[in-house]
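Q: Take this structure, written in structure tokens, and hold onto it; I'll ask about it next.
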Amino acid sequence: MARKTGLRTILYLYLAVFLTRIGFGSVTIIFPIYLHAASFQVGLILALYPIAEATSAMPVGRLADRFSRKRLHVFGMFLITILTAAIGFTTDLYKVSIIHGLMGFSAATAAVTSLTILGDATKQTNRGKGMGGFDLANLAGYGVGFGVGSVLVNLSFFQGHLNYAFWLTASIFLVTGIIAMRFLQEPVKVEEFLRRPEVRERKIGGRIRPIMPVWIAQTVILGMYFLLPKAFKDASYVPTTQVLIFLGVLGGLFVLGSILFGHISDKLGRTKIMILGAFGELGFLGVFGWSFPNNGFLRYELVLAPLFFLASAIAPTILAYVSDISGKAKRGSANALYSMVLSLGLAIGNIVGGFVGEYGIQWIFLAGAGILFPSIIASSAMLGSRRK
């Protein structure tokens, strides 16, 4: 029965992250057009969300460790439903900024508790694969969301009523919250663990520190990617059929890699696979950015594809590593740290992406490579010194 409940919990979390990322992905496409603002202004407004999420993540994580994972998760889903719907009633930059910032707090409650519950529902021997599935659902949701957003902004009905898209997104969040109330089970009784002295004294900062450089760089790069739709629009870039097929192949490889490398990390270790994935992403960013003008990257597709495949190893290994070292009683706080780093990285990436995107699409990728390279060196050095 416990095994069945654990599987149901995992499947809910996959569904929840898939549906919510559809909402976030579509809004990412629609937001810049809806606001009628410059790229840098859009970047700043987008940055308020992760900044608010970062500042509230640790308190939420501590509550998850001392109160209830499920109740916080459901609260976050319903709050983000209300706030997303509210954006559909105004295009005033000041009001949207406030609402978007509050959405960051609600996202912290949903995101931190999702990762914490998933860590509770998996074991160290299968956690990498479980986190790979979570990352897959996350990315697939964004992919579908980007597609939905692109379709909506090109439909004549929605072009004059983009606020409807926010209400549609809010309805997705509402459905997810209702499903959580009905099917999600409280995974652990944290008060039982907090009474143990060895749990109260557990320190995880020293074990997390070596992965921080790559972790931060990865989140900054992800934040920069959020400005790609605006950069494509400003450059009037229209992908050819060949480009779309190539991007589809990359997406398929990333999906496969998320599960495969998560599973491999269960056998060979998290940090080794993380560094391998970071080198893959570094190569992809450099080659793609350098060869992007005039679709020149298509000549290097046999090089870019395996590099992108390797890059899929980063997220599931970091997620699994954080959950491994924290234990049940401090898993909320550890995943709050993950959420905080992710949020700050996204905020920085939104701003940097908005700035470098003004100089051309390729500079988003080249800047990402410039950020990632020293981060790999730093993480590798710290991991090496720990093994001695």
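Q: With respect to LEU139, is the statement that it is in a helix (DSSP H, G or I) and in contact with a Leu (Cβ under 9 Å, 6 or more places away or on another chain) true?
A: Criteria not met by LEU139.
Q: A follow-up question, please. Could you tell me which of the residues ALA336, ALA347, ALA329, ALA367 is over 23 Å from ARG270 (Cα atoms), part of a helix (DSSP H, G or I), of a type outside the set (S, T, N, Q) and at pLDDT below 85?
A: On the way: ALA336 fails: over 23 Å from ARG270 (Cα atoms); ALA329 fails: over 23 Å from ARG270 (Cα atoms); ALA367 fails: at pLDDT below 85.
Answer to the selection: ALA347.
Q: Mind listing whichever residues of region 43-90 are in contact (Cβ under 8 Å) with a residue 60 or more places away in the chain, closer than 20 Å to LEU162 by Cβ and in contact with a Leu (Cβ under 7 Å, 6 or more places away or on another chain)?
A: Of everything in region 43-90, those that are in contact (Cβ under 8 Å) with a residue 60 or more places away in the chain, closer than 20 Å to LEU162 by Cβ and in contact with a Leu (Cβ under 7 Å, 6 or more places away or on another chain) turn out to be GLY43, THR81.
Q: Now for a different question. Sort out which residues of region 50-99 are within 19 Å of THR28 (Cβ to Cβ), under 20 Å from the mean Cα position of the chain (by Cα) and at pLDDT below 85, and write them in order of number.
A: Passing the criteria: PRO50, ILE51, ALA52, GLU53, ALA54.
Q: Across region 25-42, which residue is surrounded by the most Cβ atoms within 10 Å (Cβ to Cβ) among those that are modelled with pLDDT under 75 and not in a loop (DSSP other than H, G, I, E, B)?
A: By that ranking, first place goes to THR28.
This table checks each residue for (1) without any contact (Cβ under 8 Å) to a residue 24 or more places away in the chain; (2) touching a Gly at 6+ places or on another chain (Cβ under 7 Å).
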site: GLY119; (1), (2): no, no
site: THR122; (1), (2): no, yes
site: ASN126; (1), (2): no, no
site: LYS129; (1), (2): no, yes
site: ASP135; (1), (2): no, no
site: ASN138; (1), (2): no, no
site: TYR142; (1), (2): no, yes
site: VAL153; (1), (2): no, no
site: HIS161; (1), (2): yes, no
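Q: Would you say ILE273 is in contact with an Asp or Glu (Cβ under 9 Å, 6 or more places away or on another chain), buried (at least 23 other Cβ atoms within 10 Å of the Cβ) and at pLDDT 85 or above?
A: Details: in contact with an Asp or Glu (Cβ under 9 Å, 6 or more places away or on another chain): no; buried (at least 23 other Cβ atoms within 10 Å of the Cβ): yes; at pLDDT 85 or above: yes.
In short, no.
Q: Taking the condition farther than 18 Å from THR55 by Cα, polar (S, T, N, Q) and either in contact with a His (Cβ under 8 Å, 6 or more places away or on another chain) or modelled with pLDDT under 80 (or both), does SER380 pass?
A: Values: farther than 18 Å from THR55 by Cα: yes; polar (S, T, N, Q): yes; either in contact with a His (Cβ under 8 Å, 6 or more places away or on another chain) or modelled with pLDDT under 80 (or both): no.
Judged against the criteria, SER380 is not a match.
Q: Would you mention how many residues in region 115-146 are over 12 Å from the mean Cα position of the chain (by Cα), among the polar types (S, T, N, Q) and closer than 22 Å to VAL255 by Cβ?
A: 2
Q: Go over the candidates LEU63, LEU48, LEU11 one by one and state the one that is in a helix (DSSP H, G or I), within 24 Å of PRO316 (Cα to Cα) and of a type in the set (A, V, I, L, M). Can you show your working first?
A: Values: LEU63 fails: within 24 Å of PRO316 (Cα to Cα); LEU48 fails: within 24 Å of PRO316 (Cα to Cα).
Step by step, each of LEU63, LEU48, LEU11 is checked, and only LEU11 is in a helix (DSSP H, G or I), within 24 Å of PRO316 (Cα to Cα) and of a type in the set (A, V, I, L, M).
Q: Being crowded, with 24+ Cβ neighbours inside 10 Å, over 27 Å from ARG207 (Cβ atoms) and either small (Gly, Ala, Ser) or without any contact (Cβ under 8 Å) to a residue 60 or more places away in the chain (or both) is the requirement here; does GLY360 meet it?
A: Values: crowded, with 24+ Cβ neighbours inside 10 Å: no; over 27 Å from ARG207 (Cβ atoms): yes; either small (Gly, Ala, Ser) or without any contact (Cβ under 8 Å) to a residue 60 or more places away in the chain (or both): yes.
No; evaluated as a whole, the condition is false for this residue.
Q: What about GLY128, is it in a helix (DSSP H, G or I), modelled with pLDDT of 80 or more, under 23 Å from ILE221 (Cα atoms) and in contact with a His (Cβ under 8 Å, 6 or more places away or on another chain)?
A: Values: in a helix (DSSP H, G or I): yes; modelled with pLDDT of 80 or more: yes; under 23 Å from ILE221 (Cα atoms): yes; in contact with a His (Cβ under 8 Å, 6 or more places away or on another chain): yes.
Here the answer is yes, as GLY128 does meet what is asked.
Q: Here's a follow-up. Is there a residue in region 303-323 that is among the hydrophobic types (A, V, I, L, M, F, W, C) and surrounded by fewer than 19 Cβ atoms within 10 Å (Cβ to Cβ)?
A: Of region 303-323, the ones among the hydrophobic types (A, V, I, L, M, F, W, C) are 303-305, 307-311, 313-315, 318-320, 322.
Among the residues that remain, those that are also surrounded by fewer than 19 Cβ atoms within 10 Å (Cβ to Cβ) are: 303, 305.
Checking region 303-323: at least one residue is among the hydrophobic types (A, V, I, L, M, F, W, C) and surrounded by fewer than 19 Cβ atoms within 10 Å (Cβ to Cβ).
Q: Looking for whichever is modelled with pLDDT of 90 or more, assigned to a helix (DSSP H, G or I), over 18 Å from GLY353 (Cβ atoms) and not small (Gly, Ala, Ser) here; the options are LEU307, LEU285, LEU244. Which one fits? Lay out the reasoning, then the answer.
A: On the way: LEU285 fails: over 18 Å from GLY353 (Cβ atoms); LEU244 fails: modelled with pLDDT of 90 or more.
Result: LEU307 is the single residue among LEU307, LEU285, LEU244 that is modelled with pLDDT of 90 or more, assigned to a helix (DSSP H, G or I), over 18 Å from GLY353 (Cβ atoms) and not small (Gly, Ala, Ser).
The values are calculated or read from the model by the stated rules, or taken from the named source; none is laboratory data. Since the model is a prediction, treat every value here as computed from it, not as a measurement. Backbone-built Cβ (ideal geometry, glycine too); neighbour counts: all protein chains shown.
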